[in-house]
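Note sheet for the following structure.
Any read-out appearing in this document is the output of simple, stated calculations on the displayed coordinates, not a laboratory observation. A quick note: this is a predicted structure, and the numbers were derived from the prediction, not measured. Using ideal geometry, Cβ is built from the backbone for each residue, glycine included, and neighbour counts are taken over all protein chains shown.
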Amino acid sequence: MGLNLTQKIIRDHLIEGDWTKPGSPIAIRIDQTLTQDATGTMAYLQFEALGLKRVKTELSVSYVDHNMLQTGFENADDHAFLQDIAYKYGIYFSKPGNGICHQVHLERFGRPGGTLLGSDSHTPTNGGIGMLAIGAGGLDVALAMAGEPFRLNMPKVVKVHLVGTLRDFVSAKDVILEVLRRLTVKGGVGKVMEYVGEGILSLGVPERSTITNMGAELGATSSIFPSDEITLEFLKRQKRADVWKPYAPDPDAEYDEVIEIDLSTLDCLIACPHSPDNVKPVREVAGKLADQVAIGSCTNSSYRDLMTVSEMLRGKTVHPRVSAALFPGSRQILNQLILNGGIAPIVQSGFRIMESACGACIGMGFAPPTGGVTVRTFNRNFEGRTGTKFAFAYLCSPEVAVATAIAGEITDPRDLNFGKIQFSFPEEFFIDDSNIIAPAKEDEAENVSIRRGPNIQPLPTREPLGKELNGSVLLKVGDNITTDHIMPAGAKVLPLRSNIPKISEYVFEIVDPTFAKRAKEAGGGFVVGGNNYGQGSSREHAALAPMYLGVKAVLVKSFARIHLANLINFGILPLFFVNEKDYDLIEQGDELHIDVSSIQLDSPLTVVNLTKNQHYLVKLPITSQRQLDILLAGGTLSYVKQKGVIHSS
């Protein structure tokens with residue numbers, strides 16, 4: 001039996017466990033890590049707490065791309081802290097303005113066949129060059145930088161077999177929207193999506209990376225393409241051909257599931273509010289008036305995407321009712337557009353040129369008006385994510401976004417007279433890595449001092465779990481609660497990522513603005529949720545801030561992968577109902593009791609509803625004694641310190 005690409009990479013990086021059995025606990029070696037500034041400050045505080053003098057990975061990079069609006073001292077202070085930490089501990093530092101972490105890492109650092117762990121859920125972008133790239137919480141990344149393996153359950157591997165070729169104005173974004181339409185936002189949980197077939201030969205690395213990027217919206221562990229001659233061509237343009245190696249599944253590779261997509265039959269698609277899987281053909285929603293168009297993000301800001309935008313806008317003008325903005329993916333791409341004249345048609349059309357940053361994707365500026373329709377090439381359209389609570393975000397390809405900007409309403413680009421879009425790629429990109437700061441040499445690092453602004457507060461920890469948990473149900477929510485619901489992003493909240501006491505005031509603000517106050521007054525308690533609880537970003541603050549408020553356990557029908565790991569990391573008991581109908585019986589305000597001393601791996605646990613004199617069976621969604629020990633210890637940092645797992649060196 002041949003091996004698929006995912007199995008090969010995991011086998012070659014295996015530290016412990018059985019990679020041949022899906023669902024089995026495994027631990028793999030991590031070659032590279034990345035962080036970004038919204039998650040990085042906390043990750044590096046956690047790394048410092050481990051007491052090491054240097055990172056132990058092959059390569060680690062700290063990016064600044066999220067908190068770019070410096071309306072106060074907080075973001076600037078964090079950036080100074082991140083730069084000093086990187087310089088001292090052996091980490092490369094990508095300065096503000098150098099670009100979005102996933103795009104820059106793809107250009108300058110990613111390598112086929114390697115493993116990458118990033119404190120951002122869209123880290124699988126680098127699966128476009130044949131890396132096994134996985135998003136995780138900041139603490140998991142801190143441990144990886146300390147040389148610890150990354151622990152997960154061996155994922156199932158889904159073969160996504162692509163045939164045919166995309167038609168004009170149908171692009172890679174439509175491919176992943178089609179996968180989301182078929183599988184939904186929870187269809188990839190516990191799986192790696194592996195793209196193969198003759199259809200991949202018509203997709204360049206930027207298109208492949210668009211697809212692997214939005215695999216995060218499926219809940220997938222990762223997504224990956226083979227490394228082939230197309231990958232080599234991309235790396236040659238980056239002057240990095242030396243890192244290329246061919247990686248592909250065996251001809252007789254076996255998969256757990258198979259999906260087939262004929263690219264030649266795909267339509268222009270659009271994800272309607274408020275979920276990335278609410279996908280429809282563009283022509284079904286055409287005519288919807290648009291207030292705003294935003295092009296960019298780590299999903300669609302490559303040279304290929306922005307040159308397509310440039311050529312489509314040549315000689316055209318943005319509709320008077322539309323406010324339009326473009327976010328280049330990296331300084332390299334922006335430089336190349338300037339050098340070849342590609343930026344001029346965009347500016348002349350009426351588009352605003354923003355920083356090379358995440359920007360509007362995370363609600364960091366360029367928010368739409370109240371009740372407004374914003375059409376975006378981004379990856380998420382959760383309620384409130386735009387920075388405007390009552391707005392309607394649609395997700396689409398750059399081609400659809402340009403057509404909409406010109407027409408003033410959602411429009412299929414094939415219904416406008418654009419003609420054939422043609423442009424060429426440079427043989428080599430203009431390479432300027434001056435905004436990537438190399439770390440100090442090891443013998444110089446001792447003398448590096450670290451700047452810490454007043455917004456950077458000490459890392460909170462939790463006491464051991466104890467023998468019992470008592471408290472009230474602070475909040476009951478439904479299905480598909482996202483990390484944006486739990487811990488909002490945006491220009492008001494993101495600057496507080498280094499200050500857990502302050503940021504905790506915004507927990508569940510979108511759902512219930514009284515939550516934080518009630519949790520503090522009650523001394524903590526429980527949260528009850530439905531299916532796919534915690535979907536979305538990797539932000540560990542969605543576990544860390546509730547832990548600070550005293551949330552003791554979360555009882556749900558099912559969890560999203562990264563959020564489940566974060567709950568365990570910070571000592572919040574994750575529980576799922578054995579009988580999902582019990583979810584309907586619990587109400588907000590009910591007093592619950594859990595006998596922690598009776599917890600055993602693989603055994604049900606009883607939750608007593610003291611208010612209603614009811615009993616519910618629940619289980620821990622964990623597979624190892626180590627995970628249980630972490631929960632009992634009050635979280636991973638406490639566990640590591642108790643066990644002496646990591647030693648200073």
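Some values worked out for this structure:
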item: LYS441 versus GLU591: modelled label distance in nm, points set 7 Å from Cα along the beta carbon direction; result: 6.7
item: Under Karplus coefficients 6.51, -1.76 and 1.60, residue-wise ³J(HN,Hα) of the stretch 575-592 in Hz, glycine/proline x; result: 10, 10, 5, 5, 10, 4, 5, 5, 3, 5, 7, 7, 10, 4, x, 4, 8, 10
item: Under Karplus coefficients 6.51, -1.76 and 1.60, residue-wise ³J(HN,Hα) of the stretch 424-438 in Hz, glycine/proline x; result: 10, 8, x, 4, 9, 6, 6, 9, 9, 9, 5, 8, 10, 8, 6
item: Extension gain from ALA80 to THR370, taking 0.36 nm per residue of separation minus the Cα-Cα distance; result: 100.9 nm
item: Across LYS21/LYS156; LYS191/LYS245; LYS557/LYS619; LYS88/LYS641; LYS441/LYS641, pairs whose alpha-carbon gap is larger than 18 Å; result: LYS191/LYS245; LYS88/LYS641; LYS441/LYS641
item: Order of LEU177, LEU201 under a 10 Å beta carbon neighbour criterion, fewest first; result: LEU201, LEU177
item: J(HN,Hα) series, the stretch 123-130, from Karplus relation 6.51 cos²θ - 1.76 cosθ + 1.60, nearest Hz, glycine and proline x; result: 3, x, 3, 6, x, x, 10, x
item: The stretch 468-643, relative contact order [Cα under 8 Å, separation at least 6], %; result: 23
item: For the stretch 200-279 and the stretch 597-638, distance of Cα centres in Å; result: 38
item: For the stretch 5-265, projected area of the alpha-carbon convex hull averaged over all directions, nm²; result: 14.2
item: Relative contact order (percent, whole number), the chain, Cα cutoff 8 Å, 6+ residue spacing; result: 15
item: Added length on full extension, which subtracts the Cα-Cα distance from 0.36 nm per residue, SER603 to GLN70; result: 186.9 nm
item: Pairwise FRET efficiency - MET1 versus GLN625, Cβ, R0 = 35 Å, nearest 0.05; result: 0.70
item: Charge dipole of the chain about the Cα centre (unit charges at C-beta), most positive-ward option of ASN4, ASN470, ASN613; result: ASN470
item: Among 438-445, 3-10, 40-47, the order from most to least packed when residues are scored by Cβ within 10 Å on average; result: 40-47, 3-10, 438-445
item: Residue list for the stretch 143-181, given a label point 7 angstrom along the Cα-to-Cβ vector of LYS21 and an amide N cut-off under 19 Å; result: 151-157
item: 5 angstrom amide H check on ILE270, placed H, neighbours 5+ away; result: LYS280, VAL282
item: The stretch 402-532: C-alpha pair distances exceeding 17 Å, %; result: 78
item: Computed over the stretch 192-336, Cα set: Rg, Dmax in Å; result: 17.7, 56
item: Inter-centroid distance (Cα atoms) of the stretch 519-566 relative to the stretch 420-492, Å; result: 18
item: Cα centre as origin, Lys/Arg/Asp/Glu Cβ charges: the stretch 468-643 dipole, Debye; result: 580
item: Candidates per trypsin sites (Lys or Arg not before Pro) in the stretch 480-541, loop by DSSP, up to 14 other Cβ within 10 Å; result: LYS492
item: Debye log10 I(q)/I(0) for the stretch 269-415, one point scatterer per Cα, at q = 0.16 Å⁻¹; result: -0.75
item: Sequence-separation-based contact order of the stretch 484-571, relative, with Cα cut under 8 Å and 6+ spacing, percent; result: 30
item: Trypsin sites (Lys or Arg not before Pro) restricted to DSSP loop in the stretch 228-308 with at most 13 other C-beta within 10 Å; result: LYS239
item: Size of charge dipole - the chain - debye, nearest 20, with Cβ of Lys, Arg +1 and Asp, Glu -1, no other charges; result: 780
item: Full-extension gain in nm, ASP242 to ASP12, via 0.36 nm per residue minus C-alpha separation; result: 80.8 nm
item: Kirkwood Rh, Cα atoms: Rg over Rh of the stretch 32-129; result: 0.95
item: Residue among GLY188, VAL160, ALA445 farthest towards the positive dipole end of the chain, charges placed on Cβ; result: ALA445
item: GluC sites (Glu not before Pro) restricted to the stretch 511-599 and DSSP loop, no more than 15 other C-beta within 10 Å; result: GLU580, GLU587
item: More than 23 Å apart - percent of Cα-Cα pairs taken over the stretch 110-212; result: 30
item: Ranked ILE259, ILE410, criterion: other C-beta atoms within 10 Å, fewest first; result: ILE259, ILE410
item: Approximate spin-label separation LYS467-ASP256, in nm, with each point projected 7 Å along Cα-to-Cβ; result: 4.0
item: Point-to-point label distance, LYS641-VAL285, nm (Cα→Cβ direction, 7 Å offset); result: 4.8
item: Around SER209: net Lys/Arg minus Asp/Glu count, Cβ-Cβ under 12 Å; result: 0
item: Amide hydrogen neighbours beyond the local backbone of PHE378, cut-off 5 Å, H modeled; result: CYS396
